[in-house]
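Below you'll find the structure, written out as structure tokens, and then a few comments.
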Ligand code: NAP
């Protein structure tokens, strides 16, 4: 008699939004069985990004409900597939935005898999095997080991979580604008939230003069005293904006809300660069004259590659660069979501999944 292989698709408890209110509630679903290239991860913590709120509320118009958000996932490996040699049970591991890509195109072969046409995000997507991807607001995930990274022993798991997206997004955008190669530049960071505060930390660590450009006067002291920024511009004050005209070499825009980048372009020196990583739901508009008269470059950037995440983890361990976090127990998940939407976080919420 032929032996039958039992297929075990594990049931998982997660927290999902079921409609555009974005309200999260317990949700039981199944994950795929651990495949040959997979690791199964008991999720300990998951960072809460403003993007999670945007997807949960269908801001981009592409949300499929129910949606389990969360792409800043850290945990412990509990199972490994037969092709996995670089992770073992008990390892501390992280998973970010990418759950799969084709692994065969020019982009995948040059460590740019996050730009692959067939890249599938860790939630709100359909994996190559046809299963829906659900994110890290859940107790367990099965992830392809080729998109996982080790969390260095000296980094506390909960503080490492936001590095998987907030950290790598700004690290990669700055690195690929050659910001890390030449210290002593004047760089600006628009929006002092989850992404923005990491940009300030990386900017300082790489020896730059960092200016925070913010809509919140209450963040000035935090920016300078806690994060080490050199200057602070209140973007709603025309006098401060005018007084800093043509003063910056590079600006990173992390703003989630719809806004015009025109006033910010005026802050750039001739030949300056504005890199956009924030993702407002409406098109970003900019006036042409300051752009052409200042020979300004505007570019975009999404997250970073697995290789860049590994490099960033090592850098953060070496120089003790860690996100500023507030731990959120699972019973406060909706309160934290509401506070995120109201710009009331300093600077990243991290869900405590394991103790919940
Ligand atoms: P966050 O913590 O909410 O920070 C965003 C900051 O934007 C706020 O702290 C606020 O800073 C500023 N802001 C809010 N409303 C504003 C307005 N009306 N005008 C100007 N500034 C405003 O959000 P986050 O988690 O850092 O995420 C930021 C954005 O990045 C989101 O859109 C998210 O989807 C996107 N994202 C992109 C990538 C990528 O790969 N490119 C990856 C992750 C997230 P101030 O109070 O200082 O003004």
In Å and from the alpha-carbon atoms only, list the Rg and Dmax of the chain. 20.5, 84
With the cut-off at 1.5 for a/c, could you classify segment 43-201 from its C-alpha gyration tensor as rounded, prolate or oblate? rounded
Computed on Cα atoms, the radius of gyration and Dmax of segment 206-356 in angstrom are 17.6, 55
At a Förster radius of 41 Å, what calculated FRET efficiency corresponds to the Cβ-Cβ distance of residue 62 and residue 36, to the nearest 0.05? 0.85
Average silhouette area of segment 159-269, convex hull of alpha-carbon atoms, in square nanometres: 6.7
Stretch gain in nm, segment residue 334-residue 270, where the contour uses 0.36 nm per residue and the Cα spacing is subtracted: 18.6 nm
Decide, for segment 84-124, between rounded, prolate and oblate: order the square roots of the alpha carbon gyration tensor eigenvalues as a ≥ b ≥ c, take rounded if a/c falls under 1.5, and otherwise choose prolate if a/b is larger than b/c, else oblate. oblate
Crossing angle, helix 306-319 versus the chain [Cα axis fit, 0-90 degrees, rounded to tens]: 70
Residues 50, 120, 348 arranged by fewest to most Cβ contacts within 10 Å: 120, 50, 348
Could you compute the FRET efficiency for residue 129 and residue 289, with r as their C-beta to C-beta distance and R0 at 41 Å, rounded to 0.05? 0.20
Given R₀ = 30 Å, what would the calculated FRET efficiency be for residue 88 paired with residue 115, taking r from the Cβ atoms and rounding to 0.05? 0.45
Angle between the chain longest axis and helix 194-205 axis [Cα atoms, degrees, rounded to 10]: 70
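The numbers here are math on the coordinates, done by the rules we state, and not lab data. Bear in mind that the values here come from a model prediction, so they are computed numbers and not experimental data. We place every Cβ from the backbone using ideal geometry, glycine too, and count neighbours over all the protein chains shown.
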